[in-house]
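Every read-out reported here was derived from the displayed coordinates using simple, explicitly stated rules and does not represent laboratory data. Keep in mind the model is a prediction, meaning the values are calculated, not measured.
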Amino acid sequence: MRKNLRCIAAMLALVLAVSMTGCGTAAPAQTEGAMEEVQQTQSPEKTEQEKKVTLGKVEDGVYTNAYTNITFAPEGWTMAGADDLQEVLGQVGEVLEGTEIGEKMEGVDQIMDMQAADPTGLMNVNVVYTKMGAAERLANMALNEDAAMDAVLDQKDTVIASYEAAGITVESMEKAAFTYGGQQRIGIKTVGTVQGISCYILQAYERTLGAYSVVTTMTSFQEDHTEEMAELFKTLNP
């Protein structure tokens, strides 16, 4: 469990780097409040262009998310939804305590929406929502996916420091092309070791949907299966 917490902590470091691209942190809020906000009906004051924020659903081992238009249905995996996962964020905060990213986490509104693991425990997936302020949203909308990943890598030193605080030694961190939701995407691929075990982390980002960015993280231990895992995500409504 501690190994997984360290990888989740590392994953959240990159999540925050993406959500803060070009700007500062989001406005302070609590996770419980964030979940209530997402679950409420969209207010009439919001523009038609802004997509209604909804959480994904886990039913019978299948994850569906109308907000990101994605479904994930791997055979034999265990899966948990948002209601069961919020305490994990608190545990991750303890892992990152005293780091720059850990301090920023205290003032950022996040929801862990889904976590899944294969039967061996060597492959897992996490989906995290992060609230963005108006400035962050504008900055993200101004960048295409390739440029946004370049901006994330500009913060590489800060992110790597958080990885190290979580007990992960980073060997490389770079942009990567892969298939996700039936589309070619560009994300961030990190290779490192945790407790002497090789660790591969691939992240796909949804930055321009609305008030929340959504990051999907595929983590694989010992061998790199992250791109295969990304291909398991399909389009919900083609």
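Which value in Å is the Kirkwood Rh of the stretch 155-238 over different Cα pairs?
Details: mean 1/r = 0.0729 Å⁻¹.
Kirkwood hydrodynamic radius for the stretch 155-238: 13.7 Å.
Couplings for the stretch 131-146, taken from phi via the Karplus curve 6.51 cos²θ - 1.76 cosθ + 1.60 with θ = phi - 60°, read 6, 10, x, 4, 5, 5, 5, 5, 5, 5, 5, 7, 10, 6, 4, 5 Hz in order; Gly and Pro are left as x.
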